[in-house]
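Report on the following structure.
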Amino acid sequence: MSTAPRRTAARRTAGRSTPALLLPALLAAAALALPVGCAAPGELRDHGAVAPVTPSPARVPLWPGAPTAASPTPLEPTGSRSPEPAPQPVPDLAVPGQDVTAVDVRALLTKDPGVTQDERRVLEPCPGCELRAPEYRDLTGDGRPELLLAVGLADTVVLHVYTASGDRLLPIHRVSLLKGFGAETVGTDLWLYEPTASFRTGRLYRWDGVRLALADQKVEGIGPTQEPEPTPSTAEKPAVEKPPGTGPTAVTGGGVVKPPAPSRSAGSPSAGSDPAVGKQPLPTPARPAPPAATPTAMPLPETKP
């Protein structure tokens, strides 16, 4: 008996069963190929790691021990300022390692052309002058601190800000303030405050790549404004009578006119007389009659003897 027909039948059977065996494997691979993030509604999804939250910069006061006082200050217009030239490094002054904390402050005041002669008086015994300890804050955002120097005079305080430019010191800000000013930094922002009796003027300075420029200013109320007291109205005066015999007196405020009291004559009864008689009105003296006309004497006619 030949085995050729049997082999042919076996091959046909194996060829038909191959798709049936591959179907489950294909379904499993398709299930694994589905994206992980696709979930049914209401189920949790994995969106990856959460970005870290950067906290807001804190306000750090400058010279917190300096006294502040309420004093008026004028507002400077910012729109009409002419563009200032770019700052130039302080001559003959080096910054070793770009570290402004190593700068000699007294040498800086002597060599900086932007420091006036009045400001240099703080290097000597000067009544009313003050050289505050330097402060160091990062105001340019480069990770290195800047030098803030306050020179106090009789009525004002001049604030200087310097930054390191290579091995040179570059002045990037100078402003004259009243002695009662307040200052603080918020991140790289510099805030300067000058209070008045009822308001506080705040100015914001930011680094613009060349200098600390005025970015904003605002006026805040710090107390109620005292209003002037109202002028008291004129009160009605009481009635005042004049002494007897001086005529009637008009009373203000719509009063009546009172006649003068009758004067007592010399012949009036005394206090010990009969009260009934004392209360009787005095007789009015008779008005004298006008004099009669004097008759004119007429001449008699002459009689002849």
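What follows is calculated from the coordinates using simple rules that are stated; it is not laboratory data. Quantities reported herein were computed from a predicted structural model and do not represent experimental measurements. Every residue, glycine as well, gets a Cβ built from its backbone with ideal geometry; the counts of neighbours run over all protein chains shown.
Could you list, in sequence order, the residues of the range 196-208 that are closer than 20 Å to Arg174 by Cα, part of a strand (DSSP E or B) and not small (Gly, Ala, Ser)?
Result: Thr201, Arg203, Leu204, Tyr205, Arg206, Trp207.
Restricted to the range 91-104, and to residues that are out of contact with any Lys or Arg (no Cβ under 7 Å at 6 or more places or on another chain) and surrounded by 15 or more Cβ atoms within 10 Å (Cβ to Cβ), which residue is nearest to Leu170 (Cα to Cα)?
Ranking the candidates gives Val100 first.
Determine which single condition Val151 fails, assuming it passes every other condition in (1) closer than 16 Å to Asp208 by Cα; (2) in contact with a helix residue (DSSP H, G or I) (Cβ under 8 Å, 6 or more places away or on another chain); (3) β-branched (Val, Ile, Thr).
Every condition holds for Val151 apart from (1).
Is at least one residue of the range 107-116 surrounded by 20 or more Cβ atoms within 10 Å (Cβ to Cβ) and in contact (Cβ under 8 Å) with a residue 60 or more places away in the chain?
Yes, the range 107-116 has at least one match.
Residues Leu169, Leu177, Leu148, Leu159: which one is in contact with an Asp or Glu (Cβ under 7 Å, 6 or more places away or on another chain), touching a residue at least 12 places away in the same chain (Cβ under 8 Å) and within 30 Å of Gly97 (Cβ to Cβ)?
Numbers: Leu169 fails: in contact with an Asp or Glu (Cβ under 7 Å, 6 or more places away or on another chain); Leu177 fails: within 30 Å of Gly97 (Cβ to Cβ); Leu159 fails: in contact with an Asp or Glu (Cβ under 7 Å, 6 or more places away or on another chain).
Just a single option satisfies the conditions, and that option is Leu148.
Looking at the range 147-198, which of its residues are among the aromatic types (Phe, Trp, Tyr) and either out of contact with any Lys or Arg (no Cβ under 6 Å at 6 or more places or on another chain) or at positive phi (or both)? So that I can check it myself, show each step before the final result.
Restricting attention to the range 147-198, the residues satisfying the condition of being among the aromatic types (Phe, Trp, Tyr) are 162, 181, 191, 193.
Matches in the range 147-198: Tyr162, Phe181, Trp191.
Report, by residue number, each residue of the range 185-213 that is within 17 Å of His160 (Cβ to Cβ), in contact (Cβ under 8 Å) with a residue 24 or more places away in the chain and surrounded by fewer than 17 Cβ atoms within 10 Å (Cβ to Cβ).
Matches in the range 185-213: Val210 only.
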